[in-house]
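Since the structure comes first, as structure tokens, the remarks are kept for the end.
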2 protein chains.
Amino acid sequence: MPTRQQEKSRQTMEELMAAAMLLFSENGFAQTSIAEITARAGYAKGSFYRHWESKNQLFLQIVEQKLYEYRNVRDRRIEDAHDLEEALNIIWDFLESMALDRQWAKVFLEFTVHSARDMELRTEMRRRQYRLSESLFAKLVRRFVTSDYPAEKIGALNTALFEGYMVHNALETGVLNLHDVREAAIALALEKGIRQSG
Amino acid sequence: MPTRQQEKSRQTMEELMAAAMLLFSENGFAQTSIAEITARAGYAKGSFYRHWESKNQLFLQIVEQKLYEYRNVRDRRIEDAHDLEEALNIIWDFLESMALDRQWAKVFLEFTVHSARDMELRTEMRRRQYRLSESLFAKLVRRFVTSDYPAEKIGALNTALFEGYMVHNALETGVLNLHDVREAAIALALEKGIRQSG
DNA sequence: GTCATATTGTGACCATCGGTCATTTTCAGG
DNA sequence: CCTGAAAATGACCGATGGTCACAATATGAC
């Protein structure tokens, strides 16, 4: 059982996380300073580093918390899928739940691209299943793929369409909506995964 | 005709640009400081601001220079296209030429996402045709679209697949190659653009 | 209660960043 | 030469992510 001190520490951490989530979604990852986060929660800057070793680590923890429930639902539902189309729809339900909060979707994308220059961070992200990786996607749908088109590529194409839509959305060009992308991605995956390729 | 001083100024600018291009492609946009650029070219930091008003402006100028020739070739070739497939292949030749230099593709993507928080910068990028916007894409292919699926959406889906691939590539996951994406994007566009939808 | 100890909280400090600007250096034209 | 204009400089500014010696506070043995 936690001591009173540990309890206090946990509460401080949660207050800092709450402030950070608010500021990240309002102003983005790069534009949110650690001093802002601690000030918003009523602490001094130094307190931040009692709980996380960097802004990256805080962000990873927030994402982990945000995605935990979604992922469980997805993985539970996908076991009951009967064909590729059903599996894809379950995956896209999950992807949509991420994209629907436009502010957060923007921050997700920002962090994904930010990680491109930091191999350690990318490794950490893979470990925490931050992105729907190609291998994970492949694992989810492989049993339904009847063509000789690799399941990893089907996954990667779907992820590409999703993340490309995230860029489109972040730039607020507004031509595509989620339904368009989902429909196109599933059509593409069915074409590749069911029909025999050339 | 330029005076010797103007000539010197132009040369300094080119030296700074050359240093910047090298450093951007090596370390990315955010990770390259103005002091690094000027030091590499053998000048003091203040010299930078005689030629550009910000790091963003320098980057836009570099991109403009890099894309100018590619764009001309694309727009000249596309006038001779006879159907949607030909037009799409010409556009994807252009997109591939951008993606082939993996280092620069990474920087392009970084800057695109960086611009998501800066409306003025996005406006400037549109003005300079930094991205293959949906409206430009639509203009290039509209005359070949026979279905009732909006040309803008076909363009946006292609751009999404391309930029999603850029993300994929930046993270070095390595499952997809350019050929996979191009083939899938063109198949998708033909499906939407030629066959009657719904 | 008291006091040594362990934990939590603090904010001055550091190097670095993009950007500014008064000052110095360079150089063309008379 | 001399002078005015243009080019080059680097100290300086506020802000950043991150560090760390120190202050405040809670804990457990007595």
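Some notes on this structure:
- Residue in region A:25-43 that is most open to solvent (accessible area, probe 1.4 Å), counting only those that are of a type in the set (A, V, I, L, M, F, W, C) and under 18 Å from the mean Cα position of the chain (by Cα): A:Ala30
- Screening B:Gln31 on (1) within 12 Å of DNA strand C (Cβ to nearest atom); (2) under 25 Å from B:Val181 (Cβ atoms); (3) not hydroxyl-bearing (Ser, Thr, Tyr) shows it passes everything except condition (2).
- Condition met for B:Ile37 (within 16 Å of DNA strand D (Cβ to nearest atom) and either of a type in the set (A, V, I, L, M) or under 13 Å from B:Tyr130 (Cα atoms) (or both)): yes
- Those helices (runs of 4 or more DSSP H) lying entirely in region A:133-198 with at least 2 residues at the interface with another protein chain (Cβ under 7 Å from one of its Cβ atoms): A:151-170, A:178-193
- Set side by side, the residues A:Glu120, A:Glu86, A:Glu96, A:Glu79 differ, and just one is within 14 Å of chain B (Cβ to nearest Cβ) and away from DNA strand C (no atom under 16 Å from the Cβ), which is A:Glu120.
- Within region B:46-59, residues that are within 14 Å of DNA strand D (Cβ to nearest atom) have Cβ atoms under 8 Å from residues that are open to solvent by 40 Å² or more (accessible area, probe 1.4 Å) in these pairs: B:Arg50/B:Ser9; B:His51/B:Ser9; B:His51/B:Met13; B:Trp52/B:Gln61, counting only partners at least 6 apart in sequence or on another chain.
- Test: residue in region A:45-60 that is away from every other protein chain (no Cβ under 14 Å), under 30 Å from A:Arg142 (Cα atoms) and either more than 9 Å from DNA strand C (Cβ to nearest atom) or touching a helix residue (DSSP H, G or I) at 6+ places or on another chain (Cβ under 8 Å) (or both): yes
- If you go through region B:22-42 and pick out every residue that is in contact (Cβ under 8 Å) with a residue 40 or more places away in the chain and either at negative phi or in contact with a strand residue (DSSP E or B) (Cβ under 8 Å, 6 or more places away or on another chain) (or both), you end up with 5.
The values are calculated or read from the model by the stated rules, or taken from the named source; none is laboratory data. What you see is a predicted model; the values in this text were computed from it and never measured. Note that we place each Cβ from the backbone using ideal geometry, even for glycine, and neighbour counts take in every protein chain shown. Just so you know, the surface numbers come from the protein's heavy atoms only, side chains and all, with ligands and any DNA or RNA stripped out. Shrake-Rupley method; radii C 1.70, N 1.55, O 1.52, S 1.80 Å.
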